[in-house]
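Chemist: Encoded as structure tokens, here's the structure I'll be asking about.
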Amino acid sequence: MAYSDMSPEAILEMLPLTEPVLLILLSLAGQPRHGYSILKDVEQMSDGRVVLSTGTLYGALRRLLDDDWIEHFKEQDSSRGRQAYRLTARGRRNLQAEASRLKQLARLANLRAVKET
Amino acid sequence: MLTLYRCLLRLYPAEHRTQFGEEMIQVLRDVQADAATRTRFARAIFCLREATGLLAGAFQEHLRSLGAAPAWLSIPTRRFTMRTEFRFPKATAVLMTIILAGVILAIKRGEAIVASLGTTDSPHFDFLPAIAPLFVFVYAAGVLGWAILFALRRSGVHRLGSAAEPK
């Protein structure tokens with residue numbers, strides 16, 4: 001979905017995402033994950049640049065749960081008592097909108113950079 | 001590390017501990033196992049990151065429980081601090097009142113200690129009357145400077161506001 005195609009309400013709903021939150025959402029976009037898996041995936045996606053502490057991770061997860069961007073996911077093998085999370089439809093929609101916004105910014109930056117050089 | 005982590009977890013609101021406490025400890029165990037294979041310096045960085053993450057997280061959860069924390073305060077960024085619509089959170093008044101109460105309590109305790117020592121002399125604080133005028137002068141200068149900038153519409157509030165207006 002293109003960012004420009006969204007309703008104003010939908011755009012307003014989406015606050016600017018910080019990089020860690022964006023990476024957490026991207027990590028959950030592919031498949032449901034538990035906390036440790038999210039930490040490792042975020043670190044891998046950012047080439048080790050973003051390393052979240054557990055306190056930071058669970059602060060973000062708490063807010064994403066409260067805002068209904070993610071939800072609990074019951075794994076079949078939950079022998080270690082791990083809790084998995086997955087994106088909700090709302091979370092996926094907002095993630096797509098953020099991706100479109102970033103894409104537009106990147107395109108603009110490329111255009112301007114080409115003009116300047 | 002786990003002991004310290006459990007202690008720091010106690011700083012969180014009870015509701016957060018109940019919901020995420022055991023899960024956070026489990027994740028920390030996994031991450032700690034990874035860190036065990038690294039250098040001593042990397043392990044120190046890991047411990048520092050976890051401790052500061054918990055301290056900051058506990059503070060933000062308490063703010064949130066007071067209804068003051070904006071949705072994405074969990075991971076502060078310059079983007080947040082530069083948002084022009086940002087205003088002081090509602091809990092500021094509560095926190096300031098608590099701090100004021102703490103200061104008053106400390107003064108009262110200090111007076112009680114002096115009284116218990118049986119002397120009214122306080123040689124260690126003789127310098128206070130001397131620096132008080134200086135403090136008042138600097139404070140007044142700061143307020144005056146800000147008032148001038150505000151009158152000229154050059155204060156930070158105005159600059160941020162004008163930056164946010166469409167051209």
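What follows is calculated from the coordinates using simple rules that are stated; it is not laboratory data. The shown structure was predicted, so the numbers you read here are calculated from the model rather than taken from an experiment. With ideal geometry, Cβ positions are generated from the backbone for all residues, glycine too; neighbour counts draw on all protein chains shown.
Chemist: How do B:108-118, B:28-38 rank on mean C-beta neighbours within 10 Å, highest first? Spell out each step's value before the answer.
Modeler: Details: B:108-118: 9.9, B:28-38: 15.0.
My ranking of the peptides, most packed first, is B:28-38, B:108-118.
Chemist: Right, here's the next one. Could you check the spin-label model distance between B:LEU11 and B:VAL136? Points 7 Å from the Cα along Cα→Cβ, value in nm.
Modeler: With each label placed 7 Å out from Cα toward Cβ, I get 3.8 nm.
Chemist: Roughly how many nanometres apart are two label points built 7 Å out from the Cα toward the Cβ at B:LEU117 and B:THR52?
Modeler: For the pair B:LEU117/B:THR52, the computed spacing is 3.8 nm.
Chemist: Using mean Cβ contacts within 10 Å as the protection proxy, how do B:135-144, B:18-27, A:17-26 order, highest first?
Modeler: Per-residue Cβ counts within 10 Å, averaged per peptide and sorted highest first, yield A:17-26, B:18-27, B:135-144.
Chemist: Estimate the FRET efficiency between A:ARG112 and B:ARG40 by the formula 1/(1 + (r/R0)^6), using the beta-carbon distance for r and 35 Å for R0, to the nearest 0.05. It would help to have the intermediate numbers written out before the result.
Modeler: Numbers: r = 46 Å, r/R0 = 1.31.
Computed FRET efficiency for A:ARG112 and B:ARG40: 0.15.
Chemist: Could I ask something else about it? Averaged across the residues of B:2-15, what count of C-beta atoms belonging to other chains lies within 10 Å of each residue's C-beta?
Modeler: Numbers: counts 0, 0, 0, 2, 0, 0, 1, 2, 0, 0, 3, 0, 0, 1.
Averaged over the peptide's residues, the number is 1.
Chemist: Let me ask something else. What is the mean number of Cβ atoms from other protein chains located within 10 Å of the Cβ atom of each residue in peptide A:43-54, rounded to a whole number?
Modeler: Details: counts 1, 0, 0, 0, 0, 0, 0, 0, 4, 4, 13, 17.
Shielding by partners across A:43-54 averages 3.
Chemist: Let me ask another. Hey, got the average number of other protein chain Cβ atoms within 10 angstrom for residues in B:27-34? It would help to have the intermediate numbers written out before the result.
Modeler: Numbers: counts 11, 5, 2, 9, 9, 1, 1, 4.
Partner-chain Cβ atoms within 10 Å, mean over residues of B:27-34: 5.
Chemist: Peptides A:94-104, A:55-65, A:39-49: what's the order by average Cβ count within 10 Å, highest mean first?
Modeler: Details: A:94-104: 16.9, A:55-65: 23.5, A:39-49: 14.9.
Listed from highest to lowest mean packing, they are A:55-65, A:94-104, A:39-49.
Chemist: Tell me the net charge near B:GLU61. Cut-off is 9 Å between Cβ atoms, B:GLU61 excluded, with +1 for each Lys or Arg and -1 for each Asp or Glu. Kindly include the intermediate steps, with their values, before the conclusion.
Modeler: Details: positive: A:ARG62, B:ARG64; negative: B:GLU15.
That works out to +1.
Chemist: Separate question: Take B:VAL143 and B:GLU22, extend 7 Å from each Cα along the Cα→Cβ direction, and tell me the distance between the two endpoints in nm.
Modeler: 5.6 nm
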